[in-house]
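To keep things clear, I will list the structure first and then write my remarks on it.
The values are calculated or read from the model by the stated rules, or taken from the named source; none is laboratory data. As the structure is a prediction and not an experimental result, all values here were calculated from the model. Note that each Cβ is placed from the backbone with ideal geometry, even for glycine, and that neighbours are counted across all protein chains shown.
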Amino acid sequence: MGQSIFYNCSKLTNVKLPSDITELKKNIFNLCSNLEVIELPNSLAIIGDDVFINCDSLKSITLPASVTSIGWTAFASKNLKDVFINSDVESITIDKYAYGMNSYSCTFHVKCNQLDAFKDKNPDILNVEFEATHMNADPVKENEVSATCTEEGSYDEVVYCSVCKTELSREPKTTEALGHVEETVPGKEPTCTEKGLTEGTTCSRCHVTLKEQEEIPALGHDWEVIPEVISTCTEKGSTAGARCTRCGEYLIEPKEVPMIYHDYDEQGICKVCGQKDPNYVEPTKPEEPTTQKEEPTTQKEEPTTQKEEPTTQKQEEPTTKPATPAKKLNGLVKGPDGKWALYKEDSVQKSFTGLAKNENGWYYLKNGYVDWNYTGFAKNEKGWWRVKDGRVDFSANSIYKQPSNGVWYKTTNGFVTWGETGVFKNVNGWWRVENSRVNFQANGIYKNENGWWKTTGGKVHFNETGVFSNENGKWYVKNSKVDFSKNGKVTFEGKAYTVTNGYAKLS
């Protein structure tokens, strides 16, 4: 394509050049006053002098990355305001009068990571400002606050440049509240002495009560009289009593009355019940004496000549064994003095101070003895534990003070995990905890499952309202909690802010 071939072609409005064009020579589109759109091929390398001069309907143009040279007054056109250059700075040369010597101005858009290099290479270019062209990466979520059953969640949708990571846009978004997940709380039937409860419901996610359980009065006992049983000669009796037909509890418990034993007369008849004694024997008459006499015998008994030999048997050995010695005390046991201590072979280990275990649990020992007055923290090989009244409290789930150093620690099931960070509660209020330890120097906005909270001196005071900062920006805080529903204008400490979903910017 020779130079000036479209010179002063006022009816030319739209151009798409062939894919094999490598150079636009001088004056090709000069004075094409109605040219609005031109599409340049990826083969183009050279844009000569005065190529687009006086193309007053051309407002922007995009150059392919193949361009290596832009000539004198190539873009000198008063309405051409944006030239998008995709070439790398080291591969392109731009004439310092590429936009001419007129009083108009134009922006050359270059790759964002090469902006400074373009400025350094073309310090004298006339009427042109260089500006970075960014490439949008996929949006990401930041400052995400999870939705709860009753409150909306929120996050910032942020778009960064995929090349230089510059933040290009930030838009607050909200997510719907989750709604409660209803879970049945079983009721309890009343008994004679204890109240019952109706069935209720709670939310399994946030544990709030949705339907209160109502008390059912105790039934009271239904007493039944147990009649007296008279004892006889053959059966035991019992006193009268009273028992509840519902639960079986006795108001008056019957007592056993012994049998009345038989009282037999001389004929063997019981005077009480009239029963005859089965062992009774009728008396017999005495026999008459006989008149015969027994004659004495004349035989004499001869003495025996045998002698008794002495026995040679030895005395039997004693069969009783000596007593077994008593078992010695070992481990954490109760000693003869009634005190619990750590024993070894009957000796209290007085050099031991710390945690020791038996089948009933873990205990704090001082000088070998269980210290029932100790409340605080103590250590074993697994870590630090909450001790209450001398015993490890595995139900401890709060923030407690160590008397020896005045530090407050967060425990879970009695154990200091050293991994808990957030805003947690104890009997004295809500506190900023970092790695399981209360940070009394914390003065900022921190998150827990209930929201974001402003702390001063590590504590949520519930009385701070205004605009405060954390690492994510400035936020509108009401009664020490970030109010993500706040939108509008606010003034705090003499400064005006515009608040969008709780996020504050200086107006």
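So is residue 431 modelled with pLDDT of 95 or more and not assigned by TED's automatic domain parsing to the domain that holds residue 359 or not? Can you show your working first?
Details: modelled with pLDDT of 95 or more: yes; not assigned by TED's automatic domain parsing to the domain that holds residue 359: yes.
So residue 431 fits the description; yes.
Is region 60-69 home to any residue that is surrounded by 20 or more Cβ atoms within 10 Å (Cβ to Cβ), more than 60 Å from the chain's Cα centre (by Cα), β-branched (Val, Ile, Thr) and in the same structural domain as residue 110 (by TED's automatic domain parsing)?
no
Pairs please, first residue from region 87-101 and in contact (Cβ under 8 Å) with a residue 60 or more places away in the chain, second anywhere and assigned to a helix (DSSP H, G or I) and hydrophobic (A, V, I, L, M, F, W, C), Cβ atoms under 8 Å, 6+ apart in sequence or on different chains.
Listed by first residue and then by second, the contacts come to nothing, as the list is empty.
Taking the conditions exactly as written (surrounded by 13 or more Cβ atoms within 10 Å (Cβ to Cβ) and assigned by TED's automatic domain parsing to the domain that holds residue 385), does residue 453 satisfy them or not?
So residue 453 does not fit the description; no.
Among 416, 438, 427, 477, which is under 27 Å from residue 178 (Cβ atoms) and either in contact (Cβ under 8 Å) with a residue 12 or more places away in the chain or of a type in the set (Gly, Ala, Ser) (or both)? Walk me through it before giving the result.
On the way: 416 fails: under 27 Å from residue 178 (Cβ atoms); 438 fails: under 27 Å from residue 178 (Cβ atoms); 427 fails: under 27 Å from residue 178 (Cβ atoms).
Step by step, each of 416, 438, 427, 477 is checked, and only 477 is under 27 Å from residue 178 (Cβ atoms) and either in contact (Cβ under 8 Å) with a residue 12 or more places away in the chain or of a type in the set (Gly, Ala, Ser) (or both).
Could you tell me whether any residue of region 401-410 is touching a residue at least 24 places away in the same chain (Cβ under 8 Å), outside any strand (DSSP E or B), over 23 Å from residue 152 (Cβ atoms) and in contact with a strand residue (DSSP E or B) (Cβ under 6 Å, 6 or more places away or on another chain)? Outline the logic, then answer.
Here is the first cut: in region 401-410, the ones touching a residue at least 24 places away in the same chain (Cβ under 8 Å) are 401-404, 407-410.
Next, only the ones that are outside any strand (DSSP E or B) stay: 402-404, 407.
Keeping just the survivors that are over 23 Å from residue 152 (Cβ atoms) gives 402-404, 407.
Pick out the ones that are also in contact with a strand residue (DSSP E or B) (Cβ under 6 Å, 6 or more places away or on another chain) and you get 402-403.
Among the residues of region 401-410, at least one is touching a residue at least 24 places away in the same chain (Cβ under 8 Å), outside any strand (DSSP E or B), over 23 Å from residue 152 (Cβ atoms) and in contact with a strand residue (DSSP E or B) (Cβ under 6 Å, 6 or more places away or on another chain), which makes the answer yes.
Report, by residue number, each residue of region 253-269 that is surrounded by 12 or more Cβ atoms within 10 Å (Cβ to Cβ) and under 15 Å from residue 235 (Cα atoms).
Of the residues in region 253-269, the ones surrounded by 12 or more Cβ atoms within 10 Å (Cβ to Cβ) are 253-254, 257, 259-260, 262, 264, 268-269.
257, 259, 260, 262, listed by residue number.
Go through (1) in contact with an Asp or Glu (Cβ under 7 Å, 6 or more places away or on another chain); (2) farther than 22 Å from residue 146 by Cα; (3) not basic (Lys, Arg) one by one and return the number of the condition residue 490 breaks.
All conditions pass for residue 490, except number (1).
Just name the residue that is surrounded by the most Cβ atoms within 10 Å (Cβ to Cβ) out of those in region 86-134 that are within 53 Å of the chain's Cα centre (by Cα) and in a strand (DSSP E or B).
Result: 110.
Is it the case that residue 338 is modelled with pLDDT of 50 or more and within 30 Å of residue 418 (Cβ to Cβ)? Full working, then the answer.
Working: modelled with pLDDT of 50 or more: yes; within 30 Å of residue 418 (Cβ to Cβ): no.
No: the conditions fail for residue 338.
What residue, of 274, 237, 241, 248, is of a type in the set (Gly, Ala, Ser), exposed (fewer than 12 other Cβ atoms within 10 Å of the Cβ) and modelled with pLDDT of 80 or more?
Working: 274 fails: modelled with pLDDT of 80 or more; 237 fails: exposed (fewer than 12 other Cβ atoms within 10 Å of the Cβ); 241 fails: exposed (fewer than 12 other Cβ atoms within 10 Å of the Cβ).
Result: 248 is the single residue among 274, 237, 241, 248 that is of a type in the set (Gly, Ala, Ser), exposed (fewer than 12 other Cβ atoms within 10 Å of the Cβ) and modelled with pLDDT of 80 or more.
Any residue at all in region 420-427 that is in the same structural domain as residue 360 (by TED's automatic domain parsing) and in a strand (DSSP E or B)?
Checking region 420-427: not a single residue is in the same structural domain as residue 360 (by TED's automatic domain parsing) and in a strand (DSSP E or B).
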